[in-house]
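Inspection log for the structure reproduced underneath, given as structure tokens.
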Amino acid sequence: MRTFFRQFMLCLLWLWLPVSHAADSGWLRAADNDHASARLRAQAQPDGEAKLLLDVALEKGWKTYWRSPGEGGIAPAIKWQTPLEMDWRWPVPQRFDVAGISTQGYHGDITFPITLRGKLPETLAGVLTLSTCSNVCILTDYPFTLDLTTPADTNFGYDFTRAMGTLPLKDGLTSQLNAGYSTGKLTVSATREAGWQKPELFIDTLADTDFGKPSYKVDGQTLTATLPVTDGWGETAPDLRGKTISVVLTDSGQAQESHVSVGEASVSESSLSLGWVLLMALAGGLILNVMPCVLPVLAMKLGSLVHAPSTSRRSVRQQFMASVAGIVTSFLALALMMTVLRLSNQALGWGIQFQNPWFITAMALVMVLFSASLLGLFEVRLSSGVSTFLATRGGNGLAGHFWQGAFATLLATPCTAPFLGTAVSVALVAPLPLLWGLFFAMGIGMSLPWLVIAAWPGLARHMPRPGRWMNMVRVILGLMMLGSALWLGSLLSVHIGQTPMLVLFAVVALALLLATLWRWGWRVAASCTLVAVVVIAVAFPLLHSGKKGIVQDRIDWQPLSEQAITAALADNKRVFVDVTADWCVTCKANKYNVLLRDDVQEALTASDVVALRGDWSRPSDTISQFLRARQSVAVPFNQIYGPGLVQGRVLPPLLSRDDVLQTLTDAKGE
């Protein structure tokens with residue numbers, strides 16, 4: 001019996017020894033990370049090399065990373081006890097977008113095939129470092145040893161061949177592949193005879209270079225992928241021309257890895273897009289003249305013509321050219337401000353000066369003074385010396401016409417009318433020379449009506465002859481100016497609160513009433529007071545109506561965030577994004593003309609729709625980063641996501657009912 005027991009223990013020892021130094025590490029786990037496990041297997045080859053398989057098993061919701069993780073994460077790595085030459089091969093990755101960060105990696109079970117070369121020891125020892133992430137990230141070390149003198153299991157050869165099958169091929173997907181670079185943007189174009197279904201592009205990070213999430217455009221057999229490029233600090237983009245990049249391109253289960261030399265961006269494509277953007281800038285600037293933001297200044301210009309009907313053609317031409325100079329100069333000043341902000345890495349945005357309460361207060365005060373002047377409450381009388389200077393040095397006061405144009409430009413910036421929103425978005429992320437060119441084009445577009453009058457001054461002389469009607473025109477223009485001043489003042493509520501704003505309104509109203517009483521007597525003052533009371537009595541209930549009111553918004557708006565979009569998409573829900581601001585006139589038009597319509601309200605309150613709203617009335621780094629990630633710097637901004645629109649679809653600045661409803665239908669993906 002004792003002999004049998006000794007022989008049995010000897011057999012157990014014989015069986016245990018190979019396991020302790022086998023070519024299989026077994027599944028490795030860590031006490032502080034129960035979401036991932038790893039296994040290494042090795043097999044020596046007759047040519048002196050060794051094949052190695054790294055198996056990683058991840059629980060649902062967890063991921064690890066590709067060799068170029070993207071904007072976050074750490075790629076798996078092995079630190080050998082004895083330095084070895086290692087050829088680590090990487091299967092085709094996937095893209096993960098979480099909280100505005102785009103990463104490249106794997107989830108589920110993944111196997112990496114590795115080849116070891118050089119003088120190999122009989123026992124391989126090292127430490128595997130694996131980064132795994134879900135809502136949090138865990139960096140785990142797995143020590144291991146592998147005995148190359150022990151044969152691998154019988155399935156090793158099959159498993160290694162299968163792992164090699166997950167690697168991208170060297171060719172077979174595209175017939176042509178090119179890369180071009182312009183400042184801050186890499187463009188990769190690929191031609192596939194079978195066309196494109198769901199393409200994905202993954203690119204290896206270069207030294208001091210970060211690539212953002214690509215956007216795709218398919219035109220027949222040609223795919224164009226555009227990636228934003230920055231340096232390692234997210235700032236100035238390096239020059240990639242002449243460098244070679246490694247890209248992995250996938251579509252419909254096929255994958256190809258290629259090395260491409262980066263050249264210049266396509267001149268023909270850039271010229272075509274630039275031409276369209278310039279036209280948009282001109283058209284957008286022209287449309288600003290009919291937006292409510294600019295009406296007060298147009299009223300000032302109209303008033304000047306009414307009071308000077310006998311002005312000579314030369315003088316009219318000078319006055320309107322001075323206004324053109326003021327408009328164009330102001331647009332160039334805006335371009336300078338945007339340039340300084342960009343070079344100092346500050347937030348960019350069209351109309352961001354209206355986020356400043358001091359700017360709003362100054363503009364409102366100026367408009368109240370102009371309104372009071374037009375209503376005849378006071379007159380600014382210059383000294384004889386100043387009047388002579390303006391008459392002899394300024395072409396009958398051309399400086400005033402210049403500042404009228406400048407003032408119109410400042411008041412126009414809350415408006416992102418059709419075409420202008422696209423042009424502004426391109427300008428504020430474009431190279432600096434293009435930014436200046438587009439702002440100049442916007443200025444010319446807004447100046448077109450003034451240029452027409454300057455070219456044909458006779459048009460300005462076809463005004464009615466002076467008469468008593470001019471006093472009525474002055475009153476109308478003054479009221480228009482006062483209404484615009486009240487609108488500007490209402491923007492202060494988000495900065496100082498509604499009660500202080502109402503107190504401020506009351507003080508201004510009392511001052512105007514006293515000025516009216518002093519200038520025109522108690523009868524006119526009483527009439528104005530009665531009209532003001534009637535207007536307030538009618539307007540206040542409409543603007544603050546209850547649930548039965550005509551402006552009731554039934555949508556359950558949630559705060560805007562990248563996490564909210566990701567969570568909604570994970571639940572197979574649709575997402576409607578609305579970035580707005582109190583000072584944005586186009587935003588108000590979208591709200592009352594589209595978003596408050598019954599059918600749109602019904603669509604946005606559906607059970608599978610999540611409505612997210614970002615308010616840019618005040619400075620917000622979160623919203624600024626959200627807009628920049630989508631290459632936009634202006635409001636309104638609307639985007640719709642869903643199972644059928646995973647990448648999201650950006651809507652035009654001026655919404656239409658049909659566009660919103662149709663895009664929501666497309667987002668279902670059914």
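The test for being in the same structural domain as Gln601 (by TED's automatic domain parsing), part of a helix (DSSP H, G or I) and at pLDDT 70 or above does not hold for Leu530.
In region 635-664, the residues that are over 28 Å from Trp583 (Cβ atoms) reach residues that are part of a strand (DSSP E or B) with C-beta atoms within less than 6 angstrom, at least six apart or across chains, in these pairs: Gly642/Arg574. Taking region 558-613 as the search range and keeping residues that are charged (D, E, K, R) and part of a helix (DSSP H, G or I), which one is farthest from Leu486 (Cα to Cα)? The selected residue is Glu562. Scan Ile555, Ile640, Ile565 and give me the residue that is among the hydrophobic types (A, V, I, L, M, F, W, C) and within 25 Å of Val494 (Cα to Cα). So the residue among Ile555, Ile640, Ile565 that is among the hydrophobic types (A, V, I, L, M, F, W, C) and within 25 Å of Val494 (Cα to Cα) is Ile555. If only residues of region 39-83 that are under 19 Å from Ala163 (Cβ atoms) and without any contact (Cβ under 8 Å) to a residue 60 or more places away in the chain are counted, the one that is surrounded by the most Cβ atoms within 10 Å (Cβ to Cβ) is Pro76.
In summary, Cys137 fulfils each of the numbered conditions (1) closer than 25 Å to Asn33 by Cα; (2) surrounded by 16 or more Cβ atoms within 10 Å (Cβ to Cβ) with the single exception of condition (2).
Just one of the listed residues (Asp141, Asp87) is closer than 21 Å to Asp47 by Cα and in a strand (DSSP E or B), namely Asp87. The number of residues in region 46-80 being over 30 Å from Val136 (Cα atoms), in contact with a strand residue (DSSP E or B) (Cβ under 7 Å, 6 or more places away or on another chain) and not hydrophobic (A, V, I, L, M, F, W, C) comes to 2.
For region 181-189, the condition holds for at least one residue, the condition being that it is farther than 20 Å from Pro238 by Cα and either in contact with a helix residue (DSSP H, G or I) (Cβ under 9 Å, 6 or more places away or on another chain) or outside any loop (DSSP other than H, G, I, E, B) (or both). When each of Trp557, Trp522, Trp518 is tested for being modelled with pLDDT of 80 or more and among the aromatic types (Phe, Trp, Tyr), the lone residue that passes is Trp557. Tell me yes or no: at least one residue of region 622-645 is part of a loop (DSSP other than H, G, I, E, B), closer than 30 Å to Leu435 by Cβ, touching a Gly at 6+ places or on another chain (Cβ under 6 Å) and not aliphatic (A, V, I, L, M). The answer is no, given that none of the residues of region 622-645 is part of a loop (DSSP other than H, G, I, E, B), closer than 30 Å to Leu435 by Cβ, touching a Gly at 6+ places or on another chain (Cβ under 6 Å) and not aliphatic (A, V, I, L, M). With respect to the conditions (1) at pLDDT below 90; (2) crowded, with 20+ Cβ neighbours inside 10 Å, Gln647 falls short on a single one, namely (2).
The values are calculated or read from the model by the stated rules, or taken from the named source; none is laboratory data. All of these numbers come straight from a predicted model, not from anything done at the bench. Neighbour counts are summed over all protein chains in view; Cβ atoms, including those assigned to glycine, are modelled from backbone coordinates with ideal geometry.
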